Every structure is written in structure tokens, then in C-alpha cells.
Amino acid sequence: MYTDKKIQPRKALQHIQPYQPGKPIWEVQKELGIDRVIKLASNENPLGPSPKAVEAISASLLGINRYPDANATNLKKVIASHLQVQMQQIIPTNGADELITLISETFLEEGDEVIVPSPSFSEYDFGAHLMGAKVVHVPLGIHFEYDVEAIVSAVTERTKIIYICSPNNPTGTYLPKEQLQQLLDSLPEKVLVIFDGAYSHYAEAESYTNGLEFVTLGYPIIVLQTFSKIYGLAGIRIGFGVALEEIVQSILKVKEPFNVNMLAQEGAVAALADREHIQKSQEINKLGREWLYRAFSNLGLHYIESMSNFILVKIGMNAKDVYEKLLAKGVILRYGGAWGLPDYVRISVGTPEENAILIGLISSTLQNED
């Protein structure tokens, strides 16, 4: 048996911690020996996948002995028509997570700097550390708002990439269009902005932008989108990016040839056309979000108004204890400790029934804590 520790991983891995996803339903069911589990931890669509996507995937199953279209030509054509951009400006990927890694592999050298407003999605840090780059965290404001001046002030000669998640995960806050314009106009031309719009379909504020207009205007910006949220296709992993053609061409040099599987491509094409499912998803999210706001207020809990399909709720010093007690009762939330927010939990908006069960359990748990 080999015991000598001569095979060493890259030094960059010393800064990387594996991503910690929310517990899957089956695992909680097995641990607790219960049938009903309510998962409000991963910001998934509580209505399920687009029915049209399911139909398209089912119709494609007999073709899975063939490799998928490496260029995802039909999907890019449909996305281009949907967003009014050129096909050459689109890069489909195995979820937006893969695109974050590909961007890092394409543009980052060891010693480069990446600016990440904090708290935000942990995969931005992962991609940077993977390439030996330094992550510069710029704290959000006291109400978790973006501070454009602080971001610009953090830029140095080594800055290569700035990440903007809007609406931001886990806070639900967003960067208004005017401030995004200000940021882009204030940056050196060599700095690339990654605008993660995974939750853009839920944003309703008049001042919100999904970033695509700035791609059209020729700014060095990559807009990330996913089919995991509003379209309900998280399980088949598909997302895409939109940017200037020359930026996309550079990323294609590091992309695996068959990174998006056939079923994902077919499902995504169908989901884009399923307006009924999109509208229903937006409606149930809006109604559920407003209902939860009122319920949290009645419980005396502070929350952050969200432009997304989740709400960041301040429980207090006992937040982890409340999270664990709800988990023991079959309700999965996301504890905020991983973001440096130990007093908070992030709660995905569920169905009306799920939301009601959640509030009932939080209420009884908090009463027992007193």
C-alpha cells in the first residue's frame, strides 16, 4: 500500500473548500425516517419543471446513444432570437457554475485579483482560487446594497474580474441599472465584469437591469443566465453566457466539446417557449414572497426585501438552533453561517402549503426558544 505523501496537490487548492450544497430531500428522509420533506434551501422552482421541457426530454430519450451537438446550435439559435443577440455571442454550459470556472480558466493568471462583493455566491471565489488568483471581498452596505464607489476603489493594476450577482445570492438585493452603468464607465478597459443574472426573471423593480443591454452596447461584460431557477431544470444542469463575440471565442478554447448533454439542450429549448410556466412561476413567487413578508413581520422577524425567489431572514443568535430544529422536523432551510451571517437563514419561497407549514413551525420553534 502506498503511504509516502509525495504526490502533492496544487498549492492553490489550499484556499479551496468544496461547495456545500443544501441537503437533498432523500437524505433528510433517510436520516429522519419521514416521508414528507419540504426543501426551501436551494432556491428551486416549487412548481417543478416546465411541462413542455419534460415532454421534449421524454421525446429525446431514444437518442441518448448519440453524442449531443457540441455547438448546441439549435439552443443558441433559440436563445439568440429570444434575447435579440447574435448566436456567436452565446455560450451554453453545464450550468452557470461551469461557465464561472471556464471564465476563470480563460482570463485569470496566478496573482491576478478578482473583486467579489460580499456576501455572495461562493463559486466566484472557487473559480479565482482554482487559478491561483487573489479574491478581494468588498462588503455590501448595511442594508446589503451594492457600494459602487467601494468596488471601484478596490480596483488595482492586478484586477482582472469583478463579479456582480443581481439579484444577489443570498441577500436578494440588486444593482440598479444606473449604478451598473456607473460601474462600467468607471473601470479600466482591461477589467471584465461578470453579471450573474440567475434570478433576473424574478426581479420587478423598474430600476433593475439584467445586464444584456450593456452587452449590446459593447461593454466588456459577460451576462450569466441559468435554466435552474424560473425554468425548473436544476437537475439537468444547463446555463449560458452572453458577451461580445471575441470574449466568447476566448472561452470556447477551454470548453469541453460535449459539455451540455442532449436532454438538457432539448429541455432548455422547450422551456424557453413555455410562457405559461414562466408566468405561473413568477406569480406564485410574488404572492408567496409578499405572504412571507407579512408572516415574518407578525413574528417580529427582520427580513431583507428580495428581488428573487428567496428571502434572507434574521433569526438572531439562535439562528443555527432554529435551522437545526426545523431540519429535524423535515423543513430544509439554508443557514447563513457559510456567508458569515450566523444570525440569518435563507428561505426559498415555496408553494402556499409549504410556506404555511414553514411559518407554523418557525412560530412554534421560536415560542419554545423563549
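Bear in mind that the values in this text are calculations on the coordinates, not laboratory data. Keep in mind it's a predicted model, so treat the numbers as computed, not measured. Cβ sites come from the backbone with ideal geometry, for glycine too, and all protein chains shown count toward neighbours.
Across the options LEU244, THR209, TYR67, the greatest Cα extent toward the positive end of the charge dipole of the range 51-273 (unit charges at beta carbon of Lys, Arg, Asp, Glu) belongs to TYR67.
Here the extension length gained between ALA70 and PHE258 equals 67.2 nm, from 0.36 nm per residue of separation less the Cα-Cα distance. Between GLU324 and GLN181, the contour length at 0.36 nm per residue exceeds the alpha carbon distance by 47.3 nm. Listed by chain and number, the lysines whose C-alpha is less than 30 Å from the C-alpha of LYS314, apart from same-chain residues fewer than 8 away, are LYS23, LYS30, LYS39, LYS177, LYS229, LYS280, LYS286, LYS325, LYS329. Database remark: amide H of GLY330 closer than 5 angstrom to no amide H (H placed geometrically; neighbours at sequence offset of 5 or more, or on other chains; Pro and chain starts carry no H). The H on the amide N of ILE315, modeled in the peptide plane, is under 5 Å from the matching H of TYR344, VAL345, each at least 5 residues off or on a different chain.
At what distance in nm do the modelled label points of SER297 and GLU105 sit from each other, each positioned 7 Å from its Cα along Cα→Cβ? For the pair SER297/GLU105, the computed spacing is 4.9 nm.
Under 16 Å of direct C-alpha separation, and excluding same-chain neighbours fewer than eight residues apart, LYS160 reaches these aspartates and glutamates: GLU105, GLU109, GLU110, ASP112, GLU113, ASP125, ASP185, GLU189. Annotation for the range 180-238 versus the range 278-350: alpha-carbon center distance of 24 Å.
Each of TYR323, TYR174 was scored by other Cβ atoms within 10 Å of its Cβ. Listed from fewest to most, they are TYR323, TYR174.
The stretch between LEU62 and ASP343 holds 96.2 nm of extra length on full extension. This uses 0.36 nm per residue minus the Cα-Cα distance. Exposure proxy ranking for TRP339, TRP291, based on other Cβ atoms within 10 angstrom of each Cβ and starting from the fewest, stands as TRP291, TRP339.
Once you have a ≥ b ≥ c as the square roots of the Cα gyration tensor eigenvalues for the range 323-370, tell me rounded if a/c is under 1.5, and otherwise prolate or oblate according to whether a/b is larger than b/c. The shape class here is oblate. Comparing SER308, VAL269, ILE57 along the charge dipole axis of the chain, the residue lying farthest to the positive side is ILE57, per the Cβ-charge model. Dividing the mean sequence gap of close Cα pairs (under 8 Å, 6+ apart) by how many residues the range 51-273 holds gives a relative contact order of 30 percent. As an exercise, use a Förster radius of 41 Å and the Cβ-Cβ distance of SER364 and GLN282 to find the FRET efficiency, rounded to the nearest 0.05. About 0.85, to the nearest 0.05.
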